[in-house]
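Working notes, structure below.
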Amino acid sequence: MVVGAGFYGSVMAERFANELGWKVVVLEKRNHIGGNCWSCPDPETGIEVHEYGPHIFHTSHEQGWKYLNRFTKFNNYRHTVWATRKGKVYPLPFGLAAINLLLGRRLSPDEARAWVAEEVRKTGIADPKNLEEKALSLIGRPLYEAFVKEYNEKHWGMKPTELPAYIITRLPIRYTYNVGYYNDRWEGIPIDGYGAIFKKLLEHPNIEVRLNTDYFSVRNSLPPHDLLIYTGPIDRFFDYKHGRLGWRSVRFEKQVLDIKDFQGTSVMNECDGDVPYTRTHEFKHFTPELKFDRTVIFREYSFAPGLDDDLYYPVRTNEDVARHAKYLAEAATVPHVIFGGRLGAYAYLDMENTVSTALDKYADLRRGAVAG
Ligand SMILES: Cc1cc2nc3c(=O)[nH]c(=O)nc-3n(C[C@H](O)[C@H](O)[C@H](O)COP(=O)(O)OP(=O)(O)OC[C@H]3O[C@@H](n4cnc5c(N)ncnc54)[C@H](O)[C@@H]3O)c2cc1C
């Protein structure tokens, strides 16, 4: 029994059905498969739209790449992210172009490195206690104030001084003009969209998908099953008995425009605090090989989710981490239940991490199943 038809649940279902010949029932509370990675053609324009925010597949791990290439081909899209700050546009992540545009100078790589080191030194922060101090200790005040501070305030709905330092582990600065967002070996968008991958993953006579089915509404009337793979929120599984884990949610405001191109790129970060949304997405740029006369944009707004809202980014304050440890202890008492995926693991996982952790967990379970 699999709860959730996102990447974690769908990969598990495919492996158990295809390789071990098990019968698998997939319960999905939404009216479609694919979880947050779901995409489909926009009915008005035909442009492939990622309903839950833009998804770019990227990986350097051969296992996940080879596995997914059995279900789709990828186009040659290479992701770039641009940021608007006080009426000017900068490329991210931080690199020579962003630094030189910000300063109105032409620093060489060594000069830029020395400038950042001096800005970091001026902050005098050796032991960062919160997100603001962590960012300042990594990139110094000018870059932090231009691109991190107000953006993160909007994104998390809290002041960076109230957020834990470990939300930011690294803020890499490239001392080149390379504006590619990812450093991975492989990158791209599935040529038939994400929806087509999930249809293929779940297309097997041993797999039955039940859409519009919330596990908690049917859990007492399910047929007997040997294993439950649960990819919903772990705190919900245990009726929130140790309290709710902190998440941030986003909603998207869609607009179809009668113009060919709105912003010339797929993702624009909005770094000014007085712009209420965090990012603007324009989906046609993910498939430059296709031509459309109109365009679709999404504006992304961040908010604190209620009980019925979709969960997007784990906040992971110290209290959340302590609470999560209690849920992990509860999970150890139900060994026939596997908690996986981003909601089950209470973690931000890229698609590749999600696919790889599902494949690794399946390999573990398979060893157990084959051993009896
Ligand atoms: C805004 C945003 C952008 C992202 N962009 C990228 C990107 O560019 N590249 C990248 O690699 N990764 C990206 N990710 C990460 C990607 O979304 C995740 O890796 C992926 O969704 C994880 O898959 P999953 O199966 O764990 O979870 P999900 O996709 O969330 O699937 C879980 C499924 O379980 C279902 N479910 C939950 N509870 C129940 C229940 N009680 N009963 C039945 N069904 C239930 C849900 O409806 C959902 O369909 C992004 C994430 C976000 C938030």
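General observations
- Selection status of His281, farther than 19 Å from Arg316 by Cβ, surrounded by 14 or more Cβ atoms within 10 Å (Cβ to Cβ) and away from the ligand (no atom under 13 Å from the Cβ): no
- One residue stands out among those in the range 1-15 that are assigned to a loop (DSSP other than H, G, I, E, B) and hydrophobic (A, V, I, L, M, F, W, C): the one that is nearest to the ligand (Cβ to nearest atom), which is Ala5.
- Taken as a whole, the structure places Ile168 among residues that are β-branched (Val, Ile, Thr) and modelled with pLDDT under 95.
- Helices (runs of 4 or more DSSP H) fully within the range 58-145 counting 1 or more residues that are surrounded by 12 or more Cβ atoms within 10 Å (Cβ to Cβ) and not assigned by TED's automatic domain parsing to the domain that holds Glu289: 96-103, 109-123, 131-139
- Checked against (1) more than 11 Å from the ligand (Cβ to nearest atom); (2) closer than 24 Å to Ala358 by Cα; (3) among the hydroxyl-bearing types (Ser, Thr, Tyr), Thr213 passes all but a single condition, namely (1).
- Every residue from the range 287-323 that is away from the ligand (no atom under 16 Å from the Cβ), under 30 Å from Ala13 (Cβ atoms) and either under 22 Å from the mean Cα position of the chain (by Cα) or among the hydroxyl-bearing types (Ser, Thr, Tyr) (or both): Asp320
- Residues that are part of a loop (DSSP other than H, G, I, E, B), crowded, with 18+ Cβ neighbours inside 10 Å and aliphatic (A, V, I, L, M), drawn from the range 290-314: Leu311
- The set of residues from the range 16-42 being assigned to a loop (DSSP other than H, G, I, E, B), touching an Asp or Glu at 6+ places or on another chain (Cβ under 6 Å) and closer than 30 Å to Tyr181 by Cβ comprises just one member, Trp38.
- Every listed requirement among (1) in a loop (DSSP other than H, G, I, E, B); (2) more than 16 Å from the ligand (Cβ to nearest atom); (3) surrounded by fewer than 15 Cβ atoms within 10 Å (Cβ to Cβ) is met by Thr45 save one, (3).
- Annotation note: of Gly87, Gly35, the sole residue that is within 13 Å of the ligand (Cβ to nearest atom) and of a type outside the set (Ser, Thr, Tyr) is Gly35.
- Residues that are more than 12 Å from the ligand (Cβ to nearest atom) and either at pLDDT below 95 or charged (D, E, K, R) (or both) occur at least once in the range 335-347.
The values are calculated or read from the model by the stated rules, or taken from the named source; none is laboratory data. Just so we're clear, the structure is a prediction, and the values are computed from it rather than from any experiment. Heads up, the Cβs are rebuilt from the backbone with ideal geometry, glycines too, and the neighbour counts pull from every protein chain shown.
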